Amino acid sequence: MGRLGSFYGSMVGKKVVMGVTGLIGIAYLILHVLGNLLVFRGPTAINSYAHFLKSTGELLWTVRIILIVAVILHVVAAVQLTQQNRAARPIGYTRREPQVATIASRTMRWGGALLLIFIIFHILHFTTGTIRPAGVFSSEDVYANMVTSFRIWWVALFYVIAMVALGLHLFHGAWSSVRSIGVSPKSPQPFHRTVSLLLAVLVWAGFTSIPVAVFVGLVR
Ligand code: HEM
């Protein structure tokens, strides 16, 4: 095994991989939520933005490939870390008293699995148009795709629930990734924890506002 292989073989190596790939995801989400919020400025704003993204061709595909590789590495490292943890403690704790256990940290696995299902659904829904809850889809009219879909209660609800999982995942993930990569020192109330909370709340609120606004008729 080369140096890279033995580094990845260690728990720390996998955590670093999770941290770096997680930060790539966060960067994408910040841009994605800002782009999506253009829906509040009307069809022309968001449709021209989507058109611009598609016109970048190779750049778009480069970003897509980076994201796909990042998601695969993130999930594989998560599964392997879980297995490694279980193997290290086959009996489990009789009494578990984690030092820092928030709802966010305890829902990383289930929340992560839900997010994976969400991402697959989401791409089939808005990018390829394979899943058409409202029966219609136009690759030119992102605005119409959103408005027709989020009027349907179960679509809006699914997105709202997935965004709760996303907010929790981001809060814990953003906070622990900088620690795993080793750029932030240990501290009981570190500054980057506040930054992660703020980031998670803003991304969650931005995304959630869209299905909610359409469902209640503010965006139509
Ligand atoms: C309410 C929340 C969200 C809305 C309204 C939304 C909306 C959209 C729309 C309309 C597209 C298609 C864009 C186009 O074809 O021009 C898209 C693509 C995408 N979204 Fe979202 N999104 C949301 C949340 C998320 C989240 C939380 C993630 C990741 C965890 C995500 C990841 C993606 C990805 C990977 C694509 C494919 C991009 C591509 O084709 O290159 N989205 N989204």
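The values are calculated or read from the model by the stated rules, or taken from the named source; none is laboratory data. Keep in mind that what you see is a predicted model, and the values were worked out from it rather than measured. Cβ: placed from backbone, ideal geometry, glycine included. Neighbour counts: every protein chain shown.
Applying the condition of being among the basic types (Lys, Arg) and assigned to a helix (DSSP H, G or I) to segment 167-209 and asking which residue is modelled with the highest pLDDT yields ARG193. The residue that is surrounded by the most Cβ atoms within 10 Å (Cβ to Cβ), counting only those in segment 123-148 that are without any contact (Cβ under 8 Å) to a residue 40 or more places away in the chain, near the ligand (Cβ under 10 Å from one of its atoms) and not in a loop (DSSP other than H, G, I, E, B), is ASN145. In the set (1) over 29 Å from GLY217 (Cα atoms); (2) modelled with pLDDT of 85 or more, GLN99 fails one condition alone, (2).
Among the criteria (1) farther than 19 Å from ALA77 by Cα; (2) in contact with a Lys or Arg (Cβ under 9 Å, 6 or more places away or on another chain), the one TYR159 does not fulfil is (2).
Closer than 30 Å to TRP175 by Cβ, surrounded by 16 or more Cβ atoms within 10 Å (Cβ to Cβ) and small (Gly, Ala, Ser): is that true of ALA104 in this structure?
Spelling it out, ALA104 is indeed closer than 30 Å to TRP175 by Cβ, surrounded by 16 or more Cβ atoms within 10 Å (Cβ to Cβ) and small (Gly, Ala, Ser).
Scanning segment 20-55 for residues that are over 27 Å from VAL69 (Cα atoms), assigned to a helix (DSSP H, G or I) and out of contact with any Phe, Trp or Tyr (no Cβ under 6 Å at 6 or more places or on another chain) yields VAL39, PHE40, ARG41, THR44, ALA45, SER48.
Residue-wise test of (1) modelled with pLDDT of 95 or more; (2) of a type in the set (S, T, N, Q); (3) under 15 Å from MET146 (Cα atoms).
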| site | (1), (2), (3) |
| --- | --- |
| LEU31 | yes, no, no |
| PHE40 | yes, no, yes |
| PRO43 | yes, no, yes |
| ILE46 | yes, no, yes |
| LEU67 | yes, no, no |
| THR82 | no, yes, no |
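Scanning segment 37-72 for residues that are small (Gly, Ala, Ser) and without any contact (Cβ under 8 Å) to a residue 60 or more places away in the chain returns ALA45, SER48, SER55, GLY57, ALA70. Hey, does segment 186-195 have a residue that's among the aliphatic types (A, V, I, L, M), surrounded by 16 or more Cβ atoms within 10 Å (Cβ to Cβ) and more than 15 Å from the ligand (Cβ to nearest atom)? Among the residues of segment 186-195, not one is among the aliphatic types (A, V, I, L, M), surrounded by 16 or more Cβ atoms within 10 Å (Cβ to Cβ) and more than 15 Å from the ligand (Cβ to nearest atom), which makes the answer no. Within segment 73-83, the presence of at least one residue that is more than 10 Å from the ligand (Cβ to nearest atom), exposed (fewer than 12 other Cβ atoms within 10 Å of the Cβ), over 21 Å from the mean Cα position of the chain (by Cα) and within 23 Å of LEU115 (Cα to Cα) is confirmed.
Tell me which residues, restricted to segment 10-56, are surrounded by fewer than 18 Cβ atoms within 10 Å (Cβ to Cβ), of a type in the set (A, V, I, L, M, F, W, C) and more than 13 Å from the chain's Cα centre (by Cα). Answer for segment 10-56, where residues must be surrounded by fewer than 18 Cβ atoms within 10 Å (Cβ to Cβ), of a type in the set (A, V, I, L, M, F, W, C) and more than 13 Å from the chain's Cα centre (by Cα): MET11, VAL12, VAL20, LEU34, LEU37, PHE40, ALA45, PHE52, LEU53.
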